[in-house]
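Below is one structure, written out as structure tokens, with a few remarks after it.
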Amino acid sequence: MIGVSRRREDCSPLAVSPRFFELYDEMLGEPGIPAVLNRVSAVVSAVMGAEATTVFLVRSETRELEASVTVDNVPRTIRIPIDYRSFAGFCASTKRSFLVGDAYGDLSHIDPDIRFDRSWDEATGFKTRDMLCAPAIYKEEVVGVVEVLNSRVRPFEGGDIPVLESVARLVGYALNQARMHDDLASMKQVEREKAKFMRIMVHELKAPVSASVMLVDAMCMADLAEEQRAQMLGRIRDRLGALLAMVKETLELSKVAAGELLGDVVVLDLAREVPLLCRPFEETAAAKGLQFFVKGPQPPLPVRVDAQGLGLIVSNLVSNAIKYTPRGAVTVEVLASREQAEISVSDSGIGVPETDLPRLFTEYFRASNAVRSSVEGTGIGLASVKGIAERFGGQLRCETRENEGSTFVVSLPRYVSTEKLINLMRAAKNPPVPHDSQERNS
């Protein structure tokens, strides 16, 4: 979601103010956020006389800056935490513009914690000398960060900061316009989904409320023995408990759908956290007579994720597996590949009919055999799991066979440092050549 472009024209940044309206038109030459970002990068490079421009997009739902970079002709999306440790993160955190006269020099005058990441220079061959950084703001909200960099041409000066700030403000307006365009394009679909949501929501809430009212009326009208009264109160409690659980899940789903965080976004060791999150379910599985296994690699297996969201992922998948498994076993496994970390939850339960799979991850949908079972559910959990996984660059998938069991897998990108990320990209593009001649000829 960023453009990186080289200088296109030699234009004095001190003389651009009369062109601001023209620049705004140029930035809006393409609809949609990705196209606008690419266009914005080219315009800013030309205006500022910069050798390179980087435009970061603020992802408020994950508290990150998102960018797309190219190393050795390999495009890759990167995410930078919004904190004081990077130039762009510091700019977004403080809403401050600043000049860096020597990127490789002493940066303590900006902030004691700030660091220049040299690994991108080493990967691209672009030796950053000086740079300017400014927040792109729309109505007091930071929507992006603009960095302009030089290596050999005229160094930036303090007088260039107000110019970049004015251009960055135009970038903020352009990004907001692009965001509105994207929102309008999907508005009709949103209205249809909202109407469907309300119908299902009312239906689901009505059932436990109606049942509870009927039980209360029966208690009022009948002369019940103490044991019968206790039984009916227990049934009312169960119905209201189900209602409370549904309301809680609905609130969580609404936060996920609105792009809100459930907890702090942090780097967590998945190999350590998942077994801890599974412990409360050991007793539940044992009470049902199920075997319960938790497997995984030795730590660390870091991912960057919403801490409470990870708990929601594990609790939904594991509780579903236990609920819909009459006998047999439930297995939770943490798996690691070169770029992904996975949470796999397998069971020997009722499975999902093939005809239900296309709608399995939609809100309030329950598989037909789950509806026929005596197990209550809301159909909200899987939609929340899917939303959280996708927000952090992951996905949710399911492998299932009716009456034989299911495996739900959440994959998340492994968290790696910038330097390690570049090395991985290079290794993928240029795999090592075997030294043994027999290996080369095999």
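Rule-based calculations on the coordinates, nothing more; no lab input. Every value quoted in this text rests on a predicted model; they were computed, and no experiment measured them. Here Cβ is always computed from backbone atoms with ideal geometry, including for glycine, and neighbour counts include all displayed protein chains.
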Check Gly144: other-chain or 5+ apart residues with amide H under 5 Å from its amide H, H built from backbone geometry? Val58, Ala136
Filter Lys95/Lys127; Lys248/Lys288; Lys288/Lys323 down to the pairs with a C-alpha to C-alpha distance above 18 Å, please. Lys95/Lys127; Lys248/Lys288
Over the Cα atoms of the stretch 246-343 the radius of gyration and the largest Cα-Cα distance (Dmax), both in Å, equal 14.5, 39
Can you sort Val40, Val303 from fewest to most other Cβ atoms within 10 Å of each residue's own Cβ? Val303, Val40
With the convex hull built on the Cα atoms of the stretch 43-137, state its orientation-averaged projected area in nm². 6.5 nm²
Taking the Cα centre as origin and putting +1 on Lys and Arg beta-carbons and -1 on Asp and Glu beta-carbons, what dipole magnitude results for the stretch 301-389, to the nearest 20 debye? 120 debye
Listed with the fewest Cβ neighbours within 10 Å leading, Ile322, Ile380 appear as Ile322, Ile380
Using Cβ counts within 10 Å as a stand-in for footprinting exposure, how do His109, His181 rank, fewest first? His109, His181
Under 5 Å, built H, 5+ apart or other chain: amide partners of Leu262: Gly309
Please turn the phi angles of the stretch 300-307 into ³J(HN,Hα) values with the Karplus equation 6.51 cos²θ - 1.76 cosθ + 1.60 (θ = phi - 60°), one per residue in order, whole Hz, x for glycine and proline. x, 9, x, 9, 9, 7, 5, 4
Name the long-range amide H neighbours of Arg414: under 5 Å, sequence gap of 5 or more, or other chain; modelled H, no Pro or chain starts. Gln340, Ala341
